[in-house]
């Protein structure tokens with residue numbers, strides 16, 4: 001597919017979210033007409049004002065058929081992204097992440113869509129406790145191997161996308177941990193930065209993650225649309241850092257003291273187990289999700305060499321994106 005697309009708009013799901021917003025902006029900058037699938041048009045981000053909006057829901061096949069009229073391509077970013085779930089909420093996550101992806105793939109096939117980019121996550125990969133760097137070839141063998149409902153439902157959705165017989169041709173992208181402007185809800189990593197800057201994280205667990213500029217992630221989706229090989233996945237990541245390195249960088253930008261203490265992962269398990277028990281008793285999501293601690297026990301280090309070589313993708317300026325995140329997520333009085 002060439003830049004600008006032609007022959008109809010690109011339908012983008014999840015444009016009210018952190019990554020989806022930057023995908024829509026990157027498509028528009030590249031010359032594509034963009035149509036946004038939103039459950040609530042009132043939640044249209046101000047940056048996307050003027051783009052066409054289709055009111056619909058991933059779990060409503062009828063609304064998907066209407067939204068897809070005239071579209072030759074789709075970028076699917078919508079997902080239920082939560083690490084802490086209350087009683088009965090797992091079923092809703094499955095309905096959105098797995099059932100919604102299945103419905104969109106089927107509706108796209110019926111509408112004659114030629115190309116679909118599915119936004120997954122590096123969370124579907126098999127990570128080890130010793131922190132080896134992983135690639136697209138290190139996909140977890142099954143959903144049961146992964147920690148928590150979010151990773152498991154995204155694994156199942158990714159499998160649906162990669163196995164879809166087509167048309168449309170399907171390409172999968174796997175962002176790592178995006179940082180930058182517009183993390184308004186915020187994401188779990190954004191919440192860590194916010195809480196640290198608010199003085200609520202005096203210590204860190206010994207874990208690691210891969211960080212990437214969210215604007216570059218948006219551009220990576222467009223490159224996958226134009227150049228990605230059907231049935232193939234592409235990691236969009238940049239810097240492998242420990243959590244201590246991340247918060248030290250945040251502290252330096254904000255002019256505050258970096259965390260001085262490390263919390264053993266065993267203590268994290270104990271605190272999360274108590275929080276989960278309290279959540280069940282009070283029928284609410286736990287304050288410290290056990291899923292988050294399980295994820296922290298395995299550093300999520302990755303390589304994006306395939307995206308760089310096959311898509312010509314540039315991971316952008318992580319330092320700039322971190323500075324923007326610190327500015328937005330810091331205490332109001334510090335802005």
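The values are calculated or read from the model by the stated rules, or taken from the named source; none is laboratory data. A quick note: this is a predicted structure, and the numbers were derived from the prediction, not measured. Using ideal geometry, Cβ is built from the backbone for each residue, glycine included, and neighbour counts are taken over all protein chains shown.
Limited to the stretch 212-237, what total is found for residues that are within 25 Å of residue 298 (Cβ to Cβ) and surrounded by fewer than 24 Cβ atoms within 10 Å (Cβ to Cβ)?
Final tally of qualifying residues: 1.
Hey, among 249, 244, which residue is without any contact (Cβ under 8 Å) to a residue 60 or more places away in the chain, outside any loop (DSSP other than H, G, I, E, B) and farther than 20 Å from residue 13 by Cα?
244
Scan (1) buried (at least 18 other Cβ atoms within 10 Å of the Cβ); (2) touching a strand residue (DSSP E or B) at 6+ places or on another chain (Cβ under 6 Å); (3) farther than 24 Å from residue 160 by Cα for the single condition residue 35 breaks and write down its number.
(3)
Taking residue 98 as meeting all but one of (1) within 16 Å of the chain's Cα centre (by Cα); (2) within 30 Å of residue 239 (Cβ to Cβ), write down the number of the exception.
(2)
Could you check, for the stretch 255-269, whether at least one of its residues is surrounded by fewer than 20 Cβ atoms within 10 Å (Cβ to Cβ), modelled with pLDDT of 90 or more and either at positive phi or assigned to a strand (DSSP E or B) (or both)? Talk me through it step by step, then tell me what you get.
Restricting attention to the stretch 255-269, the residues satisfying the condition of being surrounded by fewer than 20 Cβ atoms within 10 Å (Cβ to Cβ) are 255-267, 269.
Next, from what is left, pick out any that are modelled with pLDDT of 90 or more: 255-258.
After this cut, where a residue has to be either at positive phi or assigned to a strand (DSSP E or B) (or both) as well, the list is 255.
Yes, there is a match, as at least one residue in the stretch 255-269 is surrounded by fewer than 20 Cβ atoms within 10 Å (Cβ to Cβ), modelled with pLDDT of 90 or more and either at positive phi or assigned to a strand (DSSP E or B) (or both).
Determine whether the stretch 130-151 contains at least one residue that is on the phi > 0 side of the Ramachandran plot, under 18 Å from the mean Cα position of the chain (by Cα) and crowded, with 17+ Cβ neighbours inside 10 Å.
Yes, the conditions are met somewhere in the stretch 130-151.
Might you let me know whether the stretch 61-71 holds any residue that is touching a residue at least 40 places away in the same chain (Cβ under 8 Å) and farther than 13 Å from residue 107 by Cα?
Quick first cut of the stretch 61-71, residues touching a residue at least 40 places away in the same chain (Cβ under 8 Å) only: 61, 64-65, 67-71.
Applying the additional criterion that residues be farther than 13 Å from residue 107 by Cα yields none.
No, the conditions are met nowhere in the stretch 61-71.
Quick one: count up the residues across the stretch 159-206 that are modelled with pLDDT under 95 and in contact with a strand residue (DSSP E or B) (Cβ under 7 Å, 6 or more places away or on another chain).
Adding up the residues that qualify gives 6.
If I filter the stretch 185-200 down to residues being surrounded by fewer than 16 Cβ atoms within 10 Å (Cβ to Cβ) and in a loop (DSSP other than H, G, I, E, B), which single residue comes out as nearest to the chain's Cα centre (by Cα)?
Per the criteria, the residue is 185.
Before we move on, is residue 24 in contact (Cβ under 8 Å) with a residue 12 or more places away in the chain, part of a loop (DSSP other than H, G, I, E, B), surrounded by 16 or more Cβ atoms within 10 Å (Cβ to Cβ) and under 20 Å from the mean Cα position of the chain (by Cα)? Working first, answer last.
Numbers: in contact (Cβ under 8 Å) with a residue 12 or more places away in the chain: yes; part of a loop (DSSP other than H, G, I, E, B): no; surrounded by 16 or more Cβ atoms within 10 Å (Cβ to Cβ): yes; under 20 Å from the mean Cα position of the chain (by Cα): yes.
In short, no.
Of 85, 64, which residue is under 25 Å from residue 177 (Cα atoms) and in contact with a helix residue (DSSP H, G or I) (Cβ under 7 Å, 6 or more places away or on another chain)?
Working: 64 fails: under 25 Å from residue 177 (Cα atoms).
Being under 25 Å from residue 177 (Cα atoms) and in contact with a helix residue (DSSP H, G or I) (Cβ under 7 Å, 6 or more places away or on another chain) holds for just one of 85, 64, which is 85.
Confirm whether residue 78 is in contact (Cβ under 8 Å) with a residue 60 or more places away in the chain and in a loop (DSSP other than H, G, I, E, B).
So residue 78 fits the description; yes.
Quick grid of which residues meet (1) under 28 Å from residue 226 (Cα atoms); (2) touching a strand residue (DSSP E or B) at 6+ places or on another chain (Cβ under 9 Å):
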residue	(1), (2)
80	yes, no
84	no, no
94	no, no
99	yes, no
103	yes, no
114	yes, yes
123	yes, yes
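In the stretch 114-129, which residue that is over 21 Å from residue 217 (Cα atoms) and more than 19 Å from the chain's Cα centre (by Cα) is surrounded by the fewest Cβ atoms within 10 Å (Cβ to Cβ)? Show your work before the answer.
First, the residues of the stretch 114-129 that are over 21 Å from residue 217 (Cα atoms): 114, 126-129.
Subset that is more than 19 Å from the chain's Cα centre (by Cα): 114, 128-129.
Details: 114: 15, 128: 11, 129: 9.
Per the criteria, the residue is 129.
If you go through the stretch 32-62, how many residues are within 21 Å of residue 222 (Cβ to Cβ) and assigned to a strand (DSSP E or B)?
Counting residues in the stretch 32-62 that are within 21 Å of residue 222 (Cβ to Cβ) and assigned to a strand (DSSP E or B) gives 8.
What tally of residues in the stretch 45-60 results from selecting those that are under 20 Å from residue 214 (Cα atoms), free of Cβ contacts under 8 Å to residues at least 60 places away in the same chain and surrounded by fewer than 18 Cβ atoms within 10 Å (Cβ to Cβ)?
Total meeting the criteria: 2.
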